[in-house]
Amino acid sequence: MPHQLLYSAGVERTRRHATASDHPHRDLLLEDLRKLPDITDEQVEQLIAERRRYYAAALEARDSTGAKLNPAGDHPAHRYRPGTYEP
């Protein structure tokens, strides 16, 4: 799972919240956040939207076949990679 999803509440809002926290693992989280590549709120929103499309396609495929999806199967939802989905 992409660590950029940690920023789902917004990049600056997440950083402020983590910095103000008194949680015992705060410093570990802040260190991990500093290691992440720079990302904008718009990029996080795009990542979340791509994930939603992916899972919607997977659920639709499951519903249309009436069978459980096989992770090793050759269904279009299995070939999805973030940034490449086209409805």
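The values are calculated or read from the model by the stated rules, or taken from the named source; none is laboratory data. A quick note: this is a predicted structure, and the numbers were derived from the prediction, not measured. All Cβ positions, glycine included, derive from the backbone under ideal geometry; neighbour counts span all protein chains shown. Note: accessible area is taken over every heavy atom of the protein model, side chains too, but ligands, DNA and RNA are not part of it. Shrake-Rupley method; radii C 1.70, N 1.55, O 1.52, S 1.80 Å.
Say R0 is 30 Å: what FRET efficiency, to the nearest 0.05, do GLU12 and THR65 get from their beta-carbon distance? It comes to 0.10. Label-to-label distance for ALA20 and TYR55 is 2.8 nm, based on points extended 7 Å past Cα in the beta-carbon direction. Remark: spin-label model distance GLN4-GLN46 equals 0.7 nm, labels positioned 7 Å along the Cα→Cβ axis. Note that region 36-42 has calculated 3J(HN,Hα) couplings of 5, x, 4, 8, 9, 4, 5 Hz, one per residue in order, obtained from phi through the Karplus relation 6.51 cos²θ - 1.76 cosθ + 1.60 (θ = phi - 60°); glycine and proline are x. Taken one residue at a time, the phi angles of region 44-49 give Karplus couplings (6.51, -1.76, 1.60, θ = phi - 60°) of 5, 4, 5, 4, 5, 4 Hz. Gly and Pro are set to x.
Working note: Karplus 6.51/-1.76/1.60 with θ = phi - 60° gives region 4-14 the couplings 4, 5, 4, 8, 4, 8, x, 4, 5, 4, 5 Hz, where Gly and Pro are set to x. Report, to the nearest whole %, how much of the accessible area of region 8-56 belongs to carbon and sulfur atoms, 1.4 Å probe, protein only. Taking all protein chains in place, region 8-56 shows 50 percent carbon and sulfur surface.
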